[in-house]
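Everything on this sheet refers to the single structure shown next.
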Amino acid sequence: MHLIPHSWEHWHILVSLLPSVGLFFALCLYGIGIYTDKDIIKRACLFIFALIALATVPTYLSGDHSMTALAGNPRFPEGMMNSHFNWSVAALLLMAVNGIVAWLELVRSWNGRPSQNALHLVLGLGLVTLALMMVAGELGWDINHNELRLDPATQKTSQLWSHAHIILNHFPTIGFVVGLGVYVGALVLDNIVLKRAGLFLFVACAILTVPTYVTGNASMWAVTDPPIEGVSKAVINAHRDMALLALFGMAFTGVTAWIELWRYRYLGRFSNLSLYLVLAFAVVTFAILAETGHRGGQINHPEIVLPTDVLPTDPKLGWMPAIELAINQVTWFVPWQTLHFFGYSLVFGVALVTSLRVLGFWKSMSFAAVHRLLPIGVFGVLMNVFSGMLILQADSSRYLNEITFVPKIIFLTIGALAVLYYSLSERLWAVKAGEEAPMGAKWVAALVLTSWTIVIMGGRLLPYL
Amino acid sequence: MLSGNGFIILMVILVSGSVLGLAGLAVYCLNKTVDQSEG
């Protein structure tokens, strides 16, 4: 019950994410729906836009009351709050207009197809709203996060990491909420296209968890070395323990969801048992994500901490300090590093074979034949995410500040998202033996190969630059 | 008793063997479900 907000400020931190980050995911899904011309996805997104528009009301009210509650508090400068308020009102108004247009089109086209003009109007309004939301969100985060305004010359670890984590951590969480909504809706309606969309969102969120976890690790150093007043390492460690569980939960949900997408290609149907297993993983993961987010909020949001909250005080307690100690022993470090090397051999091998087929090599095989290999690569990614996170804990402040670490993580995310295309594209799946893959698929294959090459090079260069 | 190096080698074999073995088993089972549906 401690997760239920007890103040306007706490409510505002939570609900304001729906019209901003939620809108981002809805627009991504909407773009896919328009590109693939799937009416059910377009309709689902019109419904989501209308729901998000409803969230503008509690967002505005909680924001307005928060300003009143925080007025006069020197931690929250009035000028910054006013600037955030003005941009937010513009963004929320446009979001409300977008929601009304989306709802009207949904009702108007109930027994027919949505009109192209209306769909494009909603897309345009949504994109402009998202741009305004980005400005409003950035101004909102700036109000509380004083560490972002520290002199970079005095910092050992750049506060850009903290900035990135403040933004990124909301993507797997809110994306997961959108994914869970779409998925439950798909199960209720028993619609295959929506089931695939929900599974896709789970996999995408699982991939986004990797950069989120890494930026979180770097942020810990940025706000504790040198220490920042009011930020406790013990509270951070409590958040890190739950973040590790969240990483496990996201990985299980993401991999089981991806396996179902992969199997669907061959079987042409979903297994109900597997679908409900994914749902069970997703519900448990959602609970873990909620607790992780709550503990993360307690690190640097004194305004949401209740007098009855008992925060940890001993920075040596918890799993993460114990893991840091263990992985620094050569008997633990070397086995996980060896596994990491096995993992990237598997990932690169499978990425190379499938991508070369798409690019026009060994055309005697259909794409479906090489697609059979993908689980080996996905298990390689899974192995490397866990072994990589363990290895990182051995000396995270050093690894994270190496210049090749950022491109490694960026291209890991891009490479993993690009591989998803292989299991989702209808045109690629239809490529028979002797046939050329579509040109768009070839560009994706080139992106996959480039990304995983940069990931391996970035990783190998870490100890030497 | 194993020496330091012997213990490291044992750990490398245990960790890699168990994780790769599990992954291999999972890949085998997945392929079998697809093979059965095609057969």
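Which distance in Å, rounded to a whole number, links the C-alpha centroids of the range A:175-229 and the range A:121-136? Rounded to whole Å, the Cα centres lie 21 Å apart. 3J(HN,Hα) couplings calculated from phi for the range A:197-208 with the Karplus curve 6.51 cos²θ - 1.76 cosθ + 1.60 (θ = phi - 60°) are, in sequence order, 5, x, 4, 4, 5, 4, 5, 4, 5, 4, 5, 5 Hz; Gly and Pro show x. Sorting A:Val310, A:Val184, A:Val57, A:Val406 by the number of Cβ atoms found within 10 Å of their own Cβ, with the fewest placed first, yields A:Val310, A:Val57, A:Val184, A:Val406.
Rounded to the nearest whole angstrom, the semi-axes of the ellipsoid equivalent to the protein assembly as shown, taken from the Cα gyration tensor as √(5λ), stand at 36, 34, 19, largest first.
Counted residue by residue at 0.36 nm each, then reduced by the alpha carbon distance between them, the extension gain from A:Ser271 to A:Leu160 reaches 35.6 nm.
Inter-label distance, B:Leu22 to A:Arg75: 4.1 nm, where each label sits 7 Å from its Cα along the C-beta direction.
Note on A:Val305 and A:Ser364: with the Förster distance fixed at 60 Å, the Cβ-Cβ geometry gives a FRET efficiency of about 0.40.
Sparse packing (at most 12 other Cβ atoms within 10 Å of the Cβ) combined with a DSSP loop state is found for the following trypsin sites (Lys or Arg not before Pro) in the range A:303-409: A:Lys316. Computed over the alpha-carbon pairs of the range A:20-174, the distance histogram in 10 Å steps reads 10, 34, 29, 17, 8, 1, 0 percent, short to long. Judged by the gyration tensor of its Cα atoms, with axes a ≥ b ≥ c, the range A:248-363 is oblate; a/c meets the 1.5 cut and b/c is at least as large as a/b.
One chain, two ends: A:Val193 and A:Leu93. Fully extended at 0.36 nm per residue, the span grows by 32.8 nm beyond their Cα-Cα distance.
Mean separation of Cα pairs under 8 Å and 6 or more residues apart, divided by the residue count, gives the range A:156-305 a relative contact order of 28 percent. One chain, two ends: A:Ala433 and A:Ala322. Fully extended at 0.36 nm per residue, the span grows by 34.7 nm beyond their Cα-Cα distance. Across chain A, the mean sequence separation of Cα contacts (distance under 8 Å, 6 or more residues apart), normalised by length, yields a relative contact order of 13 percent.
Per residue of A:370-378, other chain Cβ atoms within 10 Å of the residue Cβ number 3 on average.
I want to verify the translational diffusion coefficient of the range A:156-305 in µm²/s; compute it with Stokes-Einstein, Rh as the Kirkwood radius over Cα pairs, at 20 °C and 1.002 mPa s. Result for D is 132 µm²/s. Measuring from centroid to centroid over Cα atoms, what is the spacing of the range A:15-77 and the range B:16-32 in Å? The two parts, judged by their Cα centres, are 42 Å apart.
From the square roots a ≥ b ≥ c of the eigenvalues of the alpha-carbon gyration tensor of the range A:64-145, which class results: rounded (a/c under 1.5), prolate (a/b over b/c), or oblate?
It comes out prolate by the Cα gyration axes.
With the charge dipole of the range A:1-144 set up from +1 on Lys and Arg Cβ and -1 on Asp and Glu Cβ about the Cα centre, the Cα lying farthest toward the positive end among the listed residues A:Leu27, A:Pro5, A:Pro114 is that of A:Pro114.
Site pair B:Ile9 and A:Ala280 shows an inter-label distance of 4.3 nm when each label is modelled 7 Å from Cα along Cα→Cβ.
For peptide A:253-262, the mean count of partner chain Cβ atoms within 10 Å of a residue's Cβ comes to 1.
If you bin all the Cα-Cα distances of the range A:360-465 at 10 Å, starting from zero, the percentages per bin are 13, 40, 27, 15, 5, 0.
Judged by the mean number of other Cβ atoms found within 10 Å, the most tightly packed of the peptides A:41-52, A:277-288 leads the ranking A:41-52, A:277-288. Couplings 3J(HN,Hα) for the range A:359-375, derived from phi with the Karplus relation 6.51 cos²θ - 1.76 cosθ + 1.60 (θ = phi - 60°), are 6, x, 7, 5, 6, 5, 9, 6, 5, 4, 5, 6, 4, 4, 6, 4, x Hz, where x marks Gly and Pro.
Per residue of A:333-343, other chain Cβ atoms within 10 Å of the residue Cβ number 4 on average. Other residues within the sphere of radius under 12 Å centred on the Cβ of A:His12, judged by their own Cβ, net out at -3 (K and R +1, D and E -1). Restricting the chymotrypsin sites (Phe, Trp or Tyr not before Pro) of the range A:78-121 to loop positions (DSSP other than H, G, I, E, B) with no more than 10 neighbouring Cβ atoms within 10 Å leaves A:Trp110.
The H on the amide N of A:Ser366, modeled in the peptide plane, is under 5 Å from the matching H of A:Ala433, each at least 5 residues off or on a different chain.
Compute the Cα gyration tensor for the range A:26-112, then decide on rounded, prolate or oblate, letting a ≥ b ≥ c be the square roots of its eigenvalues: rounded whenever a/c is under 1.5, prolate when a/b is larger than b/c in the other cases, and oblate in all that remain.
Prolate, since a/c reaches 1.5 and a/b exceeds b/c.
Rule-based calculations on the coordinates, nothing more; no lab input. Being a predicted model, the structure only gives us computed values, none of them experimental. Don't worry about glycine lacking a Cβ; one is built from the backbone with ideal geometry, like all the others, and counts go over all protein chains shown.
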